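Below is one structure; the comments refer to it alone.
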Amino acid sequence: MKYRTRKRITVGGVVKNLSALVIAVVFVFPVYWMLSSSLKPQHEIMTKDPVFLFSPTLENYTTATGVDLFWTYVANSLVVTLGAVLLALLVALLASFALARMRFRGRKGIVLVVMMAQMAPWEVMVIAMYMISRENDMLNSIPVLTLIYFVMVLPFTIWTLRGFIAAVPVELEEAAQIDGCTRGQAFRKVIFPLLAPGLMSTSIFGFITAWNEFAMILMLNKDKESQTLTLWLTQFQTAFGSDWGATMAASTLFALPVLIVFLFLQRKAVGGMTAGAVKG
């Protein structure tokens, strides 16, 4: 006769669960408040007492997306962000392979420079970037902004992919070469498929970094037709006050692409890990 064992409830377990619940509420509540405020009528947002039950409206979203050049901002953000991430992945994949697999003079120094570049705050480069762009007539340029974001994302991408490549056993690459593959073919057929989790995680970080960047675009691109969605968020605050409903709606729309990319790439990363475990 089988008996079910009951899970023993301890004071420590209850405290841990309650602490986790409190932390979850602290992190989730601002997101809930942003989303709920974006759906509230204007007169219910500025009330003295918070309103939790209300009739939702899409008026704030209509106001936010009705701004002049809205779709231009969307297109610029996508071009700059995706361009920077793809360039960073391409360059970092080759650089990280060289740093992880090859032995040459100055390799440790290059790794140190990459780490220092990742640690340095990019805000200190804003003035220098502005002066260089102004002197070379490169202000209000989407390609130039893409290259700057590419440089911002590149150090972390190299550092992360280097760790993933170093974690792949060298014996797999050597076995492929023994079977007749060149070094390039061994990288493409053996190492590259196993890097899916690393590529996905670095893509997420790069996308978030480039998508949220504000200081560079504020200084370099004054022309509205070359601006991105980060500056679109500031258009609802004027000297006469702030349109909080439209601001919250814009913030919700601004966060959606990051959430979609994260959910999509997270699933792909898990699929890449399982595929790499079962493929010969």
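The values are calculated or read from the model by the stated rules, or taken from the named source; none is laboratory data. Every value quoted in this text rests on a predicted model; they were computed, and no experiment measured them. With ideal geometry, Cβ positions are generated from the backbone for all residues, glycine too; neighbour counts draw on all protein chains shown. The protein model used for the area step is the full one, side chains on, heavy atoms only, and it has no ligands, DNA or RNA in it. Shrake-Rupley method; radii C 1.70, N 1.55, O 1.52, S 1.80 Å.
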inquiry  = Yes or no: segment 231-247 includes at least one residue that is aliphatic (A, V, I, L, M) and under 20 Å from the mean Cα position of the chain (by Cα).
reply    = yes
task = Residues being open to solvent by 20 Å² or more (accessible area, probe 1.4 Å) and more than 25 Å from Asn60 (Cα to Cα): count how many of those fall in segment 219-236.
result = 3
message = For a quick check of your reading of the model, give me the residue pairs whose first member lies in segment 20-38 and is open to solvent by 80 Å² or more (accessible area, probe 1.4 Å), whose second is assigned to a helix (DSSP H, G or I) and of a type in the set (Ser, Thr, Tyr), with beta-carbon atoms closer than 7 Å and at least 6 apart or on different chains.
response = Leu35/Thr252
ask   = Looking at (1) farther than 23 Å from Val85 by Cα; (2) of a type outside the set (Phe, Trp, Tyr); (3) within 21 Å of the chain's Cα centre (by Cα), which is the only condition Leu154 fails?
value = (1)
query = Considering only segment 99-119, how many residues are open to solvent by 20 Å² or more (accessible area, probe 1.4 Å), among the small types (Gly, Ala, Ser) and closer than 20 Å to Ser201 by Cα?
reply = 1
ask   = Given the residues Ile148, Ile208, which is the only one that is open to solvent by 30 Å² or more (accessible area, probe 1.4 Å), among the aliphatic types (A, V, I, L, M) and closer than 30 Å to Ser226 by Cβ?
value = Ile208
query = Scanning segment 268-280 for residues that are within 24 Å of Phe205 (Cα to Cα) and touching a helix residue (DSSP H, G or I) at 6+ places or on another chain (Cβ under 9 Å), which turns out modelled with the highest pLDDT?
reply = Lys268
task = Among the numbered conditions (1) of a type outside the set (Gly, Ala, Ser); (2) touching a residue at least 40 places away in the same chain (Cβ under 8 Å); (3) open to solvent by 10 Å² or more (accessible area, probe 1.4 Å), tell me where Thr157 comes up short.
result = (3)
task = Scan segment 98-137 residue by residue and report those that are under 17 Å from Ser226 (Cα atoms) and touching a residue at least 60 places away in the same chain (Cβ under 8 Å).
result = Met129, Tyr130, Ser133
note = The residue that is farthest from the chain's Cα centre (by Cα), considering only those in segment 132-142 that are surrounded by 11 or more Cβ atoms within 10 Å (Cβ to Cβ) and closer than 17 Å to Asp223 by Cα, is Arg134
remark   = Within segment 42-97, residues more than 23 Å from Thr230 (Cα to Cα), open to solvent by less than 70 Å² (accessible area, probe 1.4 Å) and free of Cβ contacts under 8 Å to residues at least 12 places away in the same chain come out as Glu44, Thr47, Val51
request  = Evaluate segment 242-265: report whether one residue or more is at pLDDT 90 or above, part of a helix (DSSP H, G or I), among the small types (Gly, Ala, Ser) and farther than 25 Å from Asn60 by Cβ.
outcome  = no
